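Bear in mind these aren't lab numbers, they're just calculated from the coordinates by the rules spelled out. Treat the numbers as computed from the prediction; the structure is a model and nothing was measured. Heads up, the Cβs are rebuilt from the backbone with ideal geometry, glycines too, and the neighbour counts pull from every protein chain shown.
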Amino acid sequence: MRSPIDTRPPYGLMVWAVLSLILALAFYAAPLRIANGPDLMPMLPLMTLFIWSTVRPRFIPPIVIFVIGILNDVLTGGVLGVWALAYLTSLTIARSRDEDGPTREFGPVWIRFLVVLAIAIPVAWSAGSLAIGQPAPVRPLLIEGVASALMFPLLAFIFIRRRNLRGTFGS
């Protein structure tokens, strides 16, 4: 019989958090490197960071968010710091609203992610535009944003369902 999550060491979950972030970065960056892949790719690193920040905020300190953002820029060939700034800004604002805590309801989780997405996209666009000295293309970010908003329910459902059934990610 498994012991409750509070009495077990969290190392297994920490390893899973790191592996899921690395996999999200790899899946996000791979199509861009293979024959200039399509723009239709959800923001998997942001979705994974958001889920882990909601489920286990102590596993995702700001330095991890920053490193994931820098790695995202390096792997996609973007300007260094754009996604680090976007991730830090959006997830910091999302974390500041802490009164409802990690919820088990799908609706509030999706709405919170949409708010994070609505913050991350303009921040990334603004930082990218400032870095290159002219307005950055909006279309790729909008396509990624819509793809992320549409795909997030699947990932959230899997995490919330697992947490509800097994208690692994309970509050």
Query raised in the report: Pulled fully out, how much extra length does the chain show between Ile158 and Ala26, if you take 0.36 nm times their separation in residues and subtract their Cα-Cα distance?
Result: 45.5 nm
Query - Residue-span extension gain [Arg95 to Arg58] - 0.36 nm each, minus C-alpha spacing - result: 12.2 nm
Query - Stretch gain in nm, segment Leu114-Leu142, where the contour uses 0.36 nm per residue and the Cα spacing is subtracted - result: 8.8 nm
Query raised in the report: Suppose R0 equals 35 Å; then what is the FRET efficiency for Met14 and Ile132 from their Cβ-Cβ distance, rounded to the nearest 0.05?
Result: 0.45
Query raised in the report: Ordered by residue, what ³J(HN,Hα) values in Hz, to whole numbers, does segment 121-128 give under the Karplus form 6.51 cos²θ - 1.76 cosθ + 1.60, where θ = phi - 60° and Gly and Pro are x?
Result: 5, x, 5, 5, 5, 5, 5, x
